[in-house]
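Contents: one structure, followed by commentary.
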Amino acid sequence: MCDRLDETFISREDKFQGKIVSLHVDRVRLPNGAEATREVVDHGGGVAVLPLDKENNVLAVRQYRYVFGKTILEIPAGKLDPGEDPAAGGLRELLEETGAVPEIYQPMGHILPSPGCYGETLYLFLARGLTMHSQHLDPDEFLQVERVPFDEMVHRCLTGEIEDAKTVAAVLKAKLLLEI
């Protein structure tokens, strides 16, 4: 067994540069001295907000996810602009997607959605004491806001009905935080 687990960068080949992600293929040296290839998708980071209204309902959004060919129920989320503070980005996304502005807004840490190949850090927030305004969706954004009782969201996460990783992580973190 190796004492070290880290891999050493050898070389990089850039493959694709898009508006949301870039892809590169790296050669690395493994702890045992052998070489391997690592395919990496870089992402500038994202935010997700679990908004709870006064009746303890989650303001969830249902939207079509092209990659999976179906609509998915998830919490409001989006990518961070370059240099944008995650807390500010979360407030921006919450307002854009739901029209909600929170009185109480607290961080719930961050997650690495798929660290095997996807270089995104996703910051999670809990929003409560919501005041509703109008949505400000992007021109290419189509979604429906649904109010789902928080305990039902927890149940759906535990049964696998909700598959979105950020939603599952945020709902379960909030469940524990709110019971403390």
Tell me yes or no: at least one residue of the range 112-131 is open to solvent by 30 Å² or more (accessible area, probe 1.4 Å), free of Cβ contacts under 8 Å to residues at least 60 places away in the same chain and farther than 24 Å from Asp81 by Cα. yes
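Scan Pro51, Pro76, Pro102 and give me the residue that is free of Cβ contacts under 8 Å to residues at least 40 places away in the same chain, surrounded by 13 or more Cβ atoms within 10 Å (Cβ to Cβ) and over 30 Å from Arg12 (Cα atoms).
Testing whether each residue is free of Cβ contacts under 8 Å to residues at least 40 places away in the same chain, surrounded by 13 or more Cβ atoms within 10 Å (Cβ to Cβ) and over 30 Å from Arg12 (Cα atoms) leaves just Pro76.
Residues are listed down the side, and each one gets a yes or a no for (1) without any contact (Cβ under 8 Å) to a residue 24 or more places away in the chain; (2) part of a loop (DSSP other than H, G, I, E, B):
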position: Gly89; (1), (2): no, no
position: Glu93; (1), (2): no, no
position: Val154; (1), (2): yes, no
position: Ile162; (1), (2): no, yes
Of everything in the range 95-127, what is assigned to a loop (DSSP other than H, G, I, E, B) and of a type in the set (A, V, I, L, M, F, W, C)? Give them in sequence order. Leu112, Cys117
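The values are calculated or read from the model by the stated rules, or taken from the named source; none is laboratory data. Predicted model, so just to flag it, every value in this text is computed and none were measured. Every residue, glycine among them, receives a Cβ derived from its backbone with ideal geometry; neighbour counts consider all protein chains shown. These area figures cover heavy atoms from the full protein model, side chains too; ligands, DNA and RNA do not enter into them. Shrake-Rupley method; radii C 1.70, N 1.55, O 1.52, S 1.80 Å.
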